[in-house]
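A.B. asks: Supplied in structure tokens, the structure appears directly below.
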Amino acid sequence: MRKIALSPASVSWRPTVMGAHHAVACGHYLAAAAASQVLASGGNAVDAGVTMAMALAVLQPDVVSFAGVAPTLIYMKETGQVASLAGLGYWPALTDVGRLRAEGGQAIPEGILRQIVPAAPATHILALRRFGTISFEAAATPALQLARDGFAMYPELRDGLDMHGHEIARYRENAAIYLPDGKVPAVGSRFRQENLGRTIGRMIEAERQASGDRDAKLRAVHDCFYRGPIARDIDAFHRRQEGFLRYEDLARFEVPVETPISCAYQGSQVYACDVWCQGIVLLQALKILEPLDLAALGHNTPAYLHTIASALNLAFADREAYVGDPRFVQVPTRTLLSEDYAQRQRARLDPARAFAQMPASGDLGADWPPHANRALPADGAAPVPPDTIYGCVVDSQGNAMSITPSDTMYDSPMVDGLGLAISTRGMQGRLEPDHPCSVAPGKRPRLTPTPAMSLREGRFEMAWGTPGGDVQCASMLQVLLNVTRFGMTLQQAIEAPRVAPFNFPNSFAPNAYYPARLCVENRIDEATVAALIGLGYDVEYWSDKSFNAGAVCAIRRDAATGLLHAGADPRRAAYAIAW
């Protein structure tokens, strides 16, 4: 029998999807299909991205809330600029830190008190107003249909509901929707969220009834949620539940449009949202690694994995010491991303030894005293984080959107009758008064969801991101390096086995800290793992294609052909489509 030589590009479970016109990659195939329909009908990347994000909130309600967070990056080819929509709410004005401590001890308690101002609806509406072309109704109809008419229960969602079933059962609205008849719906059954469908319908009706131009109609949708009947329903619910959130918090909420932070990396400019989220960790790690010949170390060799893990450890130490809401905390962002600082951090890499504990933060001088790490070491497996989803879209004009919507529905009560969970991102606040993420009224908790994007010579190059809590920056870093340093196709880069450090306090309550911990997918060979242990790592095995390693989705423009390459992670139900 003749042996056929396979192309290196064929060595992946799925193909890299390629198209000449547009591309979508996100956490569920139905959301990808909805976005693709918008693009095919003439909508731009932002129209399709908003459609995708709202559909994901229906399709993946265990990790995304329609009223959650939605950090967003948007590139418009006409301007050549990347804009950041700061899709993160803040602690309500009535937030009582003493009560949080009384009920939660050292960590933010579960329940109504961790809810902050919801940002996702305002973010999506603003994206349409500023950068899109279609109506809210056109963008929201797929989400409405999925909620009202239902979709097939799939294994990942079923497993998530089963895992958190005992938590969901604590709350009336949550249990009625996600545990009908007291049971988790079976895989393949039709799953409906009728209350959420009615809430989306109320927002659509507000647009239909509004007078004026498109902008005025979209503003009416915002006001329906934040200043109208939905806001009053949320206010009444919080009053009944003795929560902090009030109508006034909602009525004054607007999403800032910001200039994202960025760094130069090997001829590209890589962008992340500002330091109210953790994207600076990815950028710092890239700057530390930039001049090193990583390819010479060999892909996923002990030396390579140790090098990237060490760079991430240094970046996470700075996150713990310095990073928080820039409206409340002076963050030395420019210094942390400077060439000089990266060189000094690079000198701290020890090729012969892992960091036995979280390294000290970088020395920025007397003007920048770091937060002292008071976290106690934890035992056992690294925790599975409250999760997230990701999606990206690129259109035929070259515009792009990268978004990481999130929030859970099992750790806090959903609003009666609305079918949605108000953002629970208060769980990422800290109760230490001198911590950069300390809780205060009007302050934003530091967010883990962190979309990324890169440009080369002012043109879109790549958009990517992942769910995974603290794992996000590690997974995103490895995928980018797989493409840029090892020449992998986008799908190969996504599928390759990954590692993730946990040598820092976790972003989620109770902020567990695992000194020298490195989680490793078990496709990495035993000899490599033994060498990592010899370097001092406390290695924890993850399963093959582990859910814990995130689910990276990405789109990349091939500079030579102009074709769009899209990839989606088989670790979860992610899907990519291109045309």
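The values are calculated or read from the model by the stated rules, or taken from the named source; none is laboratory data. Everything numeric here is computed off the predicted structure, so don't read it as measured data. Note: ideal-geometry Cβ built from the backbone for every residue, glycine included; neighbour counts use all protein chains shown. Areas reflect the complete protein model, heavy atoms only, side chains present, ligands, DNA and RNA absent. Shrake-Rupley method; radii C 1.70, N 1.55, O 1.52, S 1.80 Å.
Let's see how each residue does on (1) more than 30 Å from residue 48 (Cβ to Cβ); (2) touching a Pro at 6+ places or on another chain (Cβ under 7 Å):
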residue	(1), (2)
365	yes, no
376	yes, no
382	yes, no
388	no, yes
394	no, no
397	no, no
409	no, yes
415	no, no
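A.B. asks: With part of a strand (DSSP E or B) and under 21 Å from the mean Cα position of the chain (by Cα) as the only criterion, which of 460, 508 stands out?
C.D. replies: Being part of a strand (DSSP E or B) and under 21 Å from the mean Cα position of the chain (by Cα) holds for just one of 460, 508, which is 460.
A.B. asks: Of all helices (runs of 4 or more DSSP H) completely enclosed by region 253-341, which ones contain at least 2 residues that are under 18 Å from the mean Cα position of the chain (by Cα)?
C.D. replies: Qualifying helices (runs of 4 or more DSSP H): 279-289, 302-322.
A.B. asks: Starting from region 354-383, take each residue that is surrounded by fewer than 16 Cβ atoms within 10 Å (Cβ to Cβ) and list its partners that are among the aromatic types (Phe, Trp, Tyr) and outside any loop (DSSP other than H, G, I, E, B), counting only C-beta distances under 7 angstrom and pairs at least six apart or across chains.
C.D. replies: 376/513; 377/513
A.B. asks: Kindly indicate whether any position in region 193-200 is of a type in the set (A, V, I, L, M, F, W, C), in contact with a His (Cβ under 6 Å, 6 or more places away or on another chain) and modelled with pLDDT of 95 or more.
C.D. replies: Within region 193-200, the subset of a type in the set (A, V, I, L, M, F, W, C) is 196, 200.
Checking the rest, the ones that are also in contact with a His (Cβ under 6 Å, 6 or more places away or on another chain) come to none.
Scanning region 193-200, I find no residue that is of a type in the set (A, V, I, L, M, F, W, C), in contact with a His (Cβ under 6 Å, 6 or more places away or on another chain) and modelled with pLDDT of 95 or more, so the answer is no.
A.B. asks: Follow-up. Could you check region 529-579 and list, in sequence order, the residues that are in contact with a Gly (Cβ under 6 Å, 6 or more places away or on another chain) and open to solvent by 30 Å² or more (accessible area, probe 1.4 Å)?
C.D. replies: 579
A.B. asks: Let me ask something else. What about residue 493, is it of a type outside the set (S, T, N, Q), under 27 Å from residue 373 (Cβ atoms) and open to solvent by less than 10 Å² (accessible area, probe 1.4 Å)?
C.D. replies: On the way: of a type outside the set (S, T, N, Q): yes; under 27 Å from residue 373 (Cβ atoms): no; open to solvent by less than 10 Å² (accessible area, probe 1.4 Å): yes.
No.
A.B. asks: Does residue 479 fit the bill of being assigned to a helix (DSSP H, G or I) and open to solvent by 10 Å² or more (accessible area, probe 1.4 Å)?
C.D. replies: no
A.B. asks: Mind checking which residues of region 33-52 are part of a helix (DSSP H, G or I), open to solvent by 10 Å² or more (accessible area, probe 1.4 Å) and either among the charged types (D, E, K, R) or in contact with an Asp or Glu (Cβ under 8 Å, 6 or more places away or on another chain) (or both)?
C.D. replies: Matches in region 33-52: 38, 39.
A.B. asks: Now for a different question. I need the full set of residues from region 126-148 which are assigned to a helix (DSSP H, G or I) and open to solvent by 60 Å² or more (accessible area, probe 1.4 Å), in order please.
C.D. replies: Residues of region 126-148 assigned to a helix (DSSP H, G or I): 126-131, 136-148.
Hits for region 126-148 are 129, 130, 145, 148.
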